[in-house]
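**Q** Input: one structure, supplied below.
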Amino acid sequence: MDIIVNNGTITEEEQNNYVKYLADKFPDKTLSRLEINIDGDYAELSYKFEDVPFERIRRVTGYLTGTLDRWNDAKRAEEHDRVKHGV
């Protein structure tokens, strides 16, 4: 994780407190970058989280699926023969 401090300096303990604050505020996200802009007694935080992996899920012949790799031959043939409508 990148931590950048602009317009001043702060201790490593203060940096860790800001990281902990964001981790507590956004428990389901992973911090990848934190920019701390110092303005006198105030600190402005700009942050970016790790990208979340995304797997496409689609409804095929009545089933929700990400991929067809675990389907048997009959179900693959049913998917292949279905009418696909354009958008």
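**Q** Would you report the distance distribution of C-alpha pairs in the chain as whole percents per 10 angstrom bin, up to the bin with the largest distance?
**A** The percentages, shortest bin first, are 13, 30, 13, 12, 16, 12, 3.
**Q** Sticking with this one: So which trypsin sites (Lys or Arg not before Pro) in region 1-58 pass both tests, a DSSP loop state and at most 11 other Cβ atoms within 10 Å of the Cβ?
**A** Taking region 1-58 and a limit of 11 other Cβ atoms within 10 Å, the loop trypsin sites (Lys or Arg not before Pro) found are 56.
**Q** Counting only residues 5 or more places away or on other chains, whose amide H sits under 5 Å from the amide H of residue 68 once H atoms are built in the peptide plane?
**A** Amide H neighbours of residue 68: none.
**Q** Out of the total accessible area of the chain (probe 1.4 Å, heavy atoms of protein only), what percent is carbon and sulfur?
**A** Ligands and nucleic acids excluded, carbon and sulfur reach 47 percent.
**Q** Which value at 222 nm does the chain reach when only helices count, each DSSP H run of 4 or more adding -39,500 (n - 2.57), with the total divided by all residues and rounded to the nearest 500 deg cm²/dmol?
**A** Taken over the chain, the calculation gives -8000 deg cm²/dmol.
**Q** Related question: Computed FRET efficiency, Cβ-Cβ of residue 17 and residue 51, R0 22 Å: what is it to the nearest 0.05?
**A** Using R0 = 22 Å, I get an efficiency of 0.30.
**Q** Let me ask something additional. Roughly how compact is region 1-50, stated as its Cα Rg over 2.2 N^0.38 Å to two decimals?
**A** Rg over 2.2 N^0.38 Å, computed on Cα atoms: 1.08.
**Q** Only loop residues by DSSP count here, and only those with at most 12 other Cβ atoms within 10 Å; note down the GluC sites (Glu not before Pro) in the chain that meet that.
**A** Filter output for the chain: 50, 55.
**Q** In debye to the nearest 20, how big a dipole does the chain give about its Cα centre with +1 on each Lys and Arg Cβ and -1 on each Asp and Glu Cβ?
**A** Charge dipole of the chain: 900 debye, to the nearest 20.
**Q** Going by accessible area, probe 1.4 Å, with all protein chains left in place, what is the ranking of 80, 85, largest first?
**A** 85, 80
The values are calculated or read from the model by the stated rules, or taken from the named source; none is laboratory data. Note that this is a predicted model, so its numbers are computed, not measured. Glycine also receives a Cβ, built like all others from the backbone with ideal geometry; neighbour counts cover every protein chain displayed. Heavy atoms of the whole protein, side chains included, go into the accessibility calculation; ligands, DNA and RNA do not. Shrake-Rupley method; radii C 1.70, N 1.55, O 1.52, S 1.80 Å.
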